[in-house]
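The values are calculated or read from the model by the stated rules, or taken from the named source; none is laboratory data. Fair warning: this is a prediction, and the values are worked out from it, not measured in the lab. Backbone-built Cβ (ideal geometry, glycine too); neighbour counts: all protein chains shown.
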Amino acid sequence: MTALKSHPEWDEAFQALGSELDIPDRIYRGLGPLIGPGLGRLFFRDWIRQDAADPEFMPDPFDETGDPVWFRIDGWPEQGGSVDDILRRKWRYRARLWMIWNGPEVWRVIDWLIVSVETGQPWLDNLDHAGEPKKLVKCGSLDRMVHEAYKGLQRRDDNPDIVLGPGDEQMIADLGSGHAMVELVSGKAIRREGVRMRNCLRTGDYHLLPEHIERRYRLFSIRDPAGKPRATIEVMGSCVRQFRGPYNGNPNPVVVELVSAAADELGWDGLIEAAMGLTQEVPLGGPDIQGEEQEPACRQPQ
């Protein structure tokens, strides 16, 4: 871990990963010391290995066809800017790709870390010579870390006692087949959704963000006939920014189909892209990544 931290690009890479995780500051401050030796180490190590093979292009690691999509990962130097600008573009894009490919697993680990900190698990104090938790350092792969997360969360209650009042949620649409769309209005409703769906809404802080207070974005839950949440949607204006299933995975295709008709009636754009894990960026006074004007993927260079 010490060798990785001494790498000249570590700070930019770790910052990019933290930005992509988008965890509320109050929660992230407590997780920061754990994300570095855990997810941060695995994230950076994966890309260092990729750079040793090809620092400019890589195929989709989960595409098993004979003609996979290729991604450009060098930061687009021809777009100009300083060396720092190029480095920032590179790692912001790499962090986005890593989360698209590994999002459900990463959020499972994040959920485990949050619960571990909240409940003061003993493993947090079992440190190596560098002062880092041995349980995280010993994980040589994301799969292994997810395995530890499953063990750590196996006794967790799936139905926390969060009692909602009549004003915490609002019915929006009957989607058919017994499914419904409800809007999450209060902090309690948002937290309950996050706990049940195993995503970062479980912190309950999202209703305190200025964008939510000013109604610049809204959160919706898709419920099945039994009333269980099957997907969560974040909308800003008319743009669907996120459409996620349990553990921040892709929603079930049946759920996507049911929501599509309602999305058309509500005038929402980007639903299908969001269902594929592509976060829709809505400019609020400037581009998300300065100077970035590239397509997300490209074919293998000739």
Revision key, fill the gap. Log entry, pairs with first residue in segment 250-267 being of a type in the set (A, V, I, L, M, F, W, C), second being in a helix (DSSP H, G or I), beta carbons closer than 6 Å, six or more apart or on different chains, reads Val256/Ala275; Ala263/Leu271
Review point. Considering segment 70-105 alone, what residues qualify as being over 16 Å from Met58 (Cα atoms) and in a loop (DSSP other than H, G, I, E, B)?
Key: Gly80, Gly81, Ser82
Practice item. Could you list, in sequence order, all residues of segment 231-270 that are under 16 Å from Leu175 (Cα atoms) and in a loop (DSSP other than H, G, I, E, B)? Key: Pro251, Asn252, Gly267, Trp268
Exercise for review: Scan segment 1-39 for residues that are under 26 Å from Thr119 (Cα atoms), small (Gly, Ala, Ser) and surrounded by fewer than 18 Cβ atoms within 10 Å (Cβ to Cβ) and jot them down.
Suggested key: Ser19, Gly30, Gly32
Revision key, fill the gap. Checked Asp67, Asp54, Asp85 against criteria (within 22 Å of Ser141 (Cβ to Cβ) and either free of Cβ contacts under 8 Å to residues at least 12 places away in the same chain or in the same structural domain as Ala149 (by TED's automatic domain parsing) (or both)); the one match is Asp54
Practice item. Evaluate the following for His179: is it under 26 Å from Thr232 (Cβ atoms) and either in contact with a Lys or Arg (Cβ under 8 Å, 6 or more places away or on another chain) or among the charged types (D, E, K, R) (or both)? Key: yes
**Study point:** Search result, residues across segment 52-69 that are farther than 17 Å from Arg96 by Cα and either in contact with a Cys (Cβ under 7 Å, 6 or more places away or on another chain) or modelled with pLDDT of 90 or more (or both)
**Key:** Ala52, Ala53, Asp54
Practice item. Inspect segment 26-47 for any residue being of a type in the set (A, V, I, L, M, F, W, C), over 22 Å from Tyr247 (Cα atoms) and over 17 Å from the mean Cα position of the chain (by Cα) and give the result as yes or no. Key: yes
Check your understanding: Is it the case that segment 68-91 has a residue that's in contact with a helix residue (DSSP H, G or I) (Cβ under 7 Å, 6 or more places away or on another chain), under 26 Å from Gly194 (Cβ atoms) and crowded, with 21+ Cβ neighbours inside 10 Å?
Key -> no
Check your understanding: Taking helices (runs of 4 or more DSSP H) that do not extend beyond segment 1-52, which have at least 2 residues that are among the polar types (S, T, N, Q) and touching a helix residue (DSSP H, G or I) at 6+ places or on another chain (Cβ under 8 Å)?
Key -> 10-21
